[in-house]
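Since the structure comes first, as structure tokens, the remarks are kept for the end.
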Amino acid sequence: MKPVSLIQFLIEERRAGRINAELSLLIEVVARACKRISVATGKGALGGVLGNAGSDNVQGEAQKKLDVISNEILLEANAWGGQLAACASEEMEDPQPIPDMYPKGNHLLLFDPLDGSSNIDINVSVGTIFSILRCPDGISEPAAEHFQQPGTEQLAAGYVVYGPATLMVLTFGHGTHEFTLDREVGSFTLSRRDIRIPEETAEFAVNMSNQRHWEAPMQRYVGELLAGKEGPRAKDFNMRWVASMVADVHRIVTRGGVFFYPLDARNKAKGGKLRLMYEANPMAFIVEQAGGAATTGRERIMELQPTGLHQRVPVFLGSKKEIELATHYHREADGAQG
Ligand code: AHG
């Protein structure tokens with residue numbers, strides 16, 4: 001079969017009436033920016049891009065040079081395209097308006113420019129995560145509150161993994177699709193259409209070193225997985241943890257599994273570790289569109305009404321039956337507490 005490029009795929013989606021021309025162009029611009037990030041990450045030590053930038057981001061975390069470079073690449077690429085009203089990034093406190101000298105569009109772009117950046121220096125996969133929303137009517141200078149829309153309002157979401165291969169996984173709400181970057185040709189090419197995450201799995205991802213800080217229902221759920229064939233689940237489970245959400249989610253999108261970053265005694269005051277707008281919502285959209293589920297352990301992630309641009313939430317996502325069980329344990333424990 002003839003390979004289908006991302007651009008051809010976008011044309012098909014437009015013809016089918018699933019996206020408009022502006023959204024299609026916006027995806028092309030994001031994809032182009034991600035190709036540049038792929039080149040920068042691929043150079044490793046030879047590009048002089050490893051190590052810390054010597055600054056902290058809005059979350060108070062030390063920024064890697066590549067965090068800063070990737071953020072700038074995405075901002076610059078998207079400034080003049082004419083499809084956006086503003087951008088928001090995990091790396092910046094406030095939304096960035098489109099400069100007055102450039103045409104404006106009616107979309108909002110949110111991104112985590114380089115997720116899992118602590119893995120850069122050890123040459124393990126990192127990624128970009130993005131989410132696209134509609135700018136509310138009549139708003140010419142969008143502020144944080146205009147970005148704070150529930151995940152169900154997302155028009156598109158995607159991630160790009162910079163790994164052995166660079167690839168993009170994308171949804172517009174009509175299935176989840178994967179495009180692999182053909183490095184010689186320089187274009188993303190459709191490699192899997194309508195990805196399905198199996199409902200059942202025997203593989204889980206969680207940072208086990210936090211176990212003692214988790215809530216009781218999380219202890220119970222993972223305890224049962226660890227008990228294997230001899231335990232109540234009567235089944236052995238395998239564990240994987242890359243500590244790059246994009247890589248862990250991509251494994252789930254490829255062969256099933258579940259990912260957890262639960263509430264624990266140390267992150268409780270902040271609401272969790274991962275960010276709703278830049279990580280949880282886009283990943284939830286992608287996973288749900290592939291037949292999986294995504295909750296906070298209590299509620300569906302995409303139905304949360306955001307209260308802040310940099311809000312953090314617990315994240316449970318992946319194969320449906322396991323996410324339903326882990327969520328059930330949390331709700332049951334809440335019910336028992338009254
Ligand atoms: P960062 O971008 O600061 O490296 O954070 C990575 C995120 C996410 O990608 C990953 O799943 C998780 O944090 C890993 O957390 P732990 O280091 O606590 O395992």
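Helix 320-337 and the long axis of the chain differ in direction by around 60°, with both axes built from C-alpha atoms. Placing pseudo-labels 7 Å out from each Cα toward the beta carbon at Ile11 and His213 gives an inter-label distance of 5.1 nm.
At the residue level, Glu145 shows approximately 130 square angstrom of accessible surface with a 1.4 angstrom probe and all protein chains present. The GluC sites (Glu not before Pro) of the range 298-331 that meet both conditions, a loop assignment by DSSP and at most 16 other Cβ atoms within 10 Å of the site Cβ, are Glu299. Ligands, DNA and RNA left out, the accessible area of the chain computed with a 1.4 Å probe is 50% carbon and sulfur.
Think of a 1.4 Å ball rolled over the protein heavy atoms: the chain then has 43 Å² of accessible area per residue. Relative to the dominant Cα principal axis of the chain, helix 21-43 is inclined by about 80°.
Please give the Cα centre distance for the range 92-106 versus the range 278-332, rounded to the nearest Å. Using only Cα atoms to place each centre, the spacing works out to 30 Å. Which whole-number percent is the relative contact order of the range 6-192 (Cα, under 8 Å, 6+ apart)? About 16 percent, as a whole number. Beyond 21 Å in Cα-Cα separation lie the following of the pairs Lys65/Lys268; Lys235/Lys320; Lys270/Lys320; Lys35/Lys104: Lys65/Lys268; Lys270/Lys320; Lys35/Lys104.
The values are calculated or read from the model by the stated rules, or taken from the named source; none is laboratory data. Here the structure is a predicted model, which is why all the values come from computation and not from measurement. Reconstructed Cβ throughout: ideal geometry from the backbone, glycine too, with neighbour counts over all protein chains shown. Just the protein is used for accessible areas: all its heavy atoms, side chains included, with ligands, DNA and RNA removed. Shrake-Rupley method; radii C 1.70, N 1.55, O 1.52, S 1.80 Å.
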